[in-house]
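Presented below is the structure to which this report refers.
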Amino acid sequence: MGSFNGEDFKGLRITQLDDDEDEDVKEESQVEPINLDEFDDDDDDEEENEEPVTLGFVESPKFPWSNLRQLFPNLAGGVPAWLDPVNLPSGKSILCDLCEEPLQFVLQLYAPLTDKESAFHRTLFLFMCPSMSCLLRDQHEQWKRVPEKPMRSVKVFRCQLPRVNPFYSSEAPKHDGTDKPLGHGAPLCTWCGTWKGDKVCGGCKTARYCSPKHQSLHWHRAHKTECQKLRAVQETSDSVDNGVSLTQVQKAACKSLWKEFVLINEDESEYDTEMSESDEVAQPMVVSKREVDDQMKSMMKDFEGDADKNSWVNFQQRVDKAPEQVVRYCRSSEAKPLWPIASGRVSKSEVPNCKSCGGPRCFEFQVMPQLLFFFGGSNERESLDWATIVVYTCENSCESSLSYNEEFVWVQVYSQTT
């Protein structure tokens, strides 16, 4: 997966091609290839997950090119760096099923599989509706199973590519600002910078939009004036592909996107012993531990019953080793999420099978509530909030005719009432 100053989120580094097919990739982390055997999923089992876990932390991008797709980055907030830049999700799949607004980008994790050539490059993309009212309705919808169709406000997509593909070089990125993709991607929405911009402004013929909603928002916020300027530039130019229009199209005009970060990794085992000030373990962002702890402890008032409180104590004790963690990653048949609440869990048997191949799904990663702290979340009652977001993916990481396969996501919130 993508390099973090020489380290990778899951320990995979792209190597140089050679004649020995058995040496195409090198694995550097403790994460073992997935075991397809079933694992114990008793919800009453409170034993700690002994599988090696990789923790993700946010860090401000160090370079302007840190989040480019050809570097296979791990990102949170801002806009996604699509792995397949052409065949993006489209239609209703990009919308919140409840309010029908385009979903907002949360994060992406580059998580290739060493034992599967078709998943030499593999990235998971998480999106959600920023409306808390939609998330509360989602709490009921996520329990629905076939033949019922759940109306979701949170969605996750899996995209994977073989080493030799039309979009990227088969050689390892240099990470020095000179890496280039093999071609251009699909034009993106001028407003959100996230989804494919297949609707073109009838005036300037330059701005593009993923939905009528985003076109309307941009028109009233800024584009009404910009459109006139762009048309004036075009009238004095032989080509509409000029510096003014290109710059404006490439930058997302929306100001309400979550703040952009890159994700870096550390093995959780690095935090098993208490760290002193002289420890050299990377602390990616200097945030007061008290600030994070106060936010976590304030959530206790939302819990009902001793079971939830006990579960929260166990959760906090585990998280307290590295309170700034925003992601917990462990793709293994023995892995389980670290549940903050006893109620509202999903068991292994309740996770729906893969829509593409019909095979089982396994736990891969979870997003922690601390991410909202870095996104600048509010404590207001109507503000977006979650206890954890848990992602399950196809155990076989199957191939299909779609470039982006929707996987299963489960959300716990602190209050189960709507």
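The values are calculated or read from the model by the stated rules, or taken from the named source; none is laboratory data. Everything numeric here is computed off the predicted structure, so don't read it as measured data. When we count neighbours, we look across all protein chains shown, and the Cβ atoms used for this are built from the backbone with ideal geometry, even at glycine. Areas reflect the complete protein model, heavy atoms only, side chains present, ligands, DNA and RNA absent. Shrake-Rupley method; radii C 1.70, N 1.55, O 1.52, S 1.80 Å.
Looking at region 195-207, I want the residues that are under 23 Å from Lys92 (Cα atoms) and free of Cβ contacts under 8 Å to residues at least 12 places away in the same chain and have a partner that is polar (S, T, N, Q) and surrounded by 15 or more Cβ atoms within 10 Å (Cβ to Cβ) with Cβ atoms under 8 Å, at least 6 apart or on another chain. Which pairs are those?
Cβ pairs passing all conditions: Val200/Thr206.
Identify the residue in region 355-399 that is hydrophobic (A, V, I, L, M, F, W, C) and without any contact (Cβ under 8 Å) to a residue 40 or more places away in the chain and, among all such residues, is nearest to Ser93 (Cα to Cα).
Phe363
Return the residue satisfying two criteria in turn: it lies in region 218-237 and is part of a helix (DSSP H, G or I) and small (Gly, Ala, Ser), and of such residues it is surrounded by the most Cβ atoms within 10 Å (Cβ to Cβ).
Ala222
Could you count how many residues in region 369-411 are aliphatic (A, V, I, L, M), open to solvent by 10 Å² or more (accessible area, probe 1.4 Å) and in contact with a strand residue (DSSP E or B) (Cβ under 7 Å, 6 or more places away or on another chain)?
Result for region 369-411: 0.
For region 193-217, give me the residue count where each residue is more than 19 Å from Asn74 (Cα to Cα) and either within 23 Å of the chain's Cα centre (by Cα) or in a loop (DSSP other than H, G, I, E, B) (or both).
14
List pairs: first in region 151-166 and part of a loop (DSSP other than H, G, I, E, B), second among the aromatic types (Phe, Trp, Tyr), Cβ under 8 Å, 6+ apart or cross-chain?
Pairs that qualify, where the first residue is part of a loop (DSSP other than H, G, I, E, B) and the partner is among the aromatic types (Phe, Trp, Tyr), are Pro162/Phe120; Arg163/Phe120.
Tell me, please, whether a residue that is of a type outside the set (D, E, K, R) and open to solvent by 10 Å² or more (accessible area, probe 1.4 Å) can be found in region 360-368.
yes
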